[in-house]
Amino acid sequence: AQSVAQPEDQVNVAEGNPLTVKCTYSVSGNPYLFWYVQYPNRGLQFLLKYITGDNLVKGSYGFEAEFNKSQTSFHLKKPSALVSDSALYFCAVRDGGVTGGGNKLTFGTGTQLKVEL
Amino acid sequence: DGGITQSPKYLFRKEGQNVTLSCEQNLNHDAMYWYRQDPGQGLRLIYYSQIVNDFQKGDIAEGYSVSREKKESFPLTVTSAQKNPTAFYLCATDQRGLAGKGETQYFGPGTRLLVL
């Protein structure tokens, strides 16, 4: 069965510093990986995804993520954090080895990012 | 949030009452999904529909029901059998193609359900 782990419930970083939000996954086939951001009492907003190709994926608002097959990881990064980046971040995966069953995404439990001045 | 609307924003349920959450989309997407979000648990799939007049149970379907009579609409009913309905409910859609695994799901703004 596919699964996603976000090992940190909260990440604190100073504004202007680089940030990393960690994600590891487990699938039987090829992974399709996604990052979403959620602001309080709002829906999830899509940031970026990895399907195939270049391991470094660039997305919205200056975020990027690096796919590492050997470590089964897909960490979210940003070179310089902003206070406005403070939000809840979710990693999600689909298992390319699973047929049928719709396009079911499995989500991690989320990481709260807090960027302070 | 784009072309996905959810209503109401807040909904209050009395004990023993069924309530219906609305989800409408104008993205012309085939597939629609309902998720439940609880603090610290991420998102859990309740029901999904890949085509009109067809839907499947997700991981936590007990106490919920859905219908898909139109492509644009996928309402979720929280029945009195759902004993712990307090949560944030999110509707999502995606355009399924033959290579559907890479499809991005897009989310509505959510409905917060509270029990009186």
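What follows draws every value from the coordinates through simple rules; no lab data is involved. All figures in this text were calculated on a predicted structure; none of them were measured in a lab. Here the Cβ is made from the backbone with ideal geometry for all residues, glycine too, and neighbour counts use every protein chain on show.
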Number of Lys pairs in chain A with C-alpha atoms less than 19 angstrom apart, excluding same-chain neighbours closer than eight positions? 17
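How would you rank B:LYS70, B:LYS101, going from fewest to most other Cβ atoms within 10 Å of each one's own Cβ? Numbers along the way, then the final one.
On the way: B:LYS70 11, B:LYS101 19.
Least crowded to most crowded, the residues run B:LYS70, B:LYS101.
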Can you work out ³J(HN,Hα) from phi for every residue in region A:83-92, in order, using Karplus 6.51 cos²θ - 1.76 cosθ + 1.60 and θ = phi - 60°, giving whole Hz and x for Gly and Pro? 4, 5, 7, 4, 5, 9, 10, 10, 9, 9
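First check a/c for chain A, with a ≥ b ≥ c the square roots of the eigenvalues of its C-alpha gyration tensor; if it is under 1.5, answer rounded, and if not, answer prolate when a/b is larger than b/c or oblate otherwise.
Details: a/c = 2.06, a/b = 1.68, b/c = 1.23.
Judged from the Cα gyration tensor, chain A comes out prolate (a/c at least 1.5, a/b above b/c).
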A correct Karplus calculation of ³J(HN,Hα) over region B:25-32, with 6.51 cos²θ - 1.76 cosθ + 1.60, θ = phi - 60°, whole Hz and x for Gly and Pro, returns 9, 10, 8, 6, 7, 6, 9, 9
Neighbour net charge for A:PRO18 - beta-carbon separation under 12 angstrom, K R +1, D E -1: -1
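Classify region B:1-68 as rounded, prolate or oblate, taking a ≥ b ≥ c as the square roots of the eigenvalues of its Cα gyration tensor: rounded when a/c is under 1.5, otherwise prolate if a/b is larger than b/c and oblate if not. Mind dumping the intermediate values first?
Working: a/c = 1.43, a/b = 1.29, b/c = 1.10.
Judged from the Cα gyration tensor, region B:1-68 comes out rounded (a/c under 1.5).
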What ranking do A:THR72, A:THR111 get, fewest neighbouring Cβ atoms within 10 angstrom at the top? A:THR72, A:THR111
For B:ALA87, the net charge from surrounding residues (Cβ-Cβ under 13 Å; K, R +1; D, E -1) works out to +4
Please arrange A:THR106, A:THR20 by how many other C-beta atoms lie within 10 Å of their C-beta, fewest to most. A:THR20, A:THR106
Taking GluC sites (Glu not before Pro) as candidate sites, keep only those in a DSSP loop with at most 12 other Cβ atoms within 10 Å, then name the longest stretch of chain B containing none of them. B:70-116
One quarter of the C-alpha convex hull surface, i.e. the mean projected area of the protein assembly as shown in nm², amounts to 12.6
So if R0 is 25 Å, what FRET efficiency would A:ASN68 and A:SER28 give, r being the distance between their Cβ atoms, rounded to the nearest 0.05? 0.90
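Full extension from B:ASN26 to B:GLN41: what is 0.36 nm times the residue separation minus their Cα-Cα distance, to one decimal in nm? Display every interim value, and only then the final one.
Working: separation 15, 0.36 × 15 = 5.40 nm, distance 2.95 nm.
Residue separation times 0.36 nm, minus the Cα-Cα distance, leaves 2.4 nm.
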Mind checking B:103-110 for the average number of partner chain beta-carbons within 10 Å of each residue's beta-carbon? 6
Straight-line reach check, B:LYS101, cutoff 17 Å on alpha carbons, 8 or more apart in-chain or any other chain, hits among aspartates and glutamates -> A:ASP95, B:ASP30
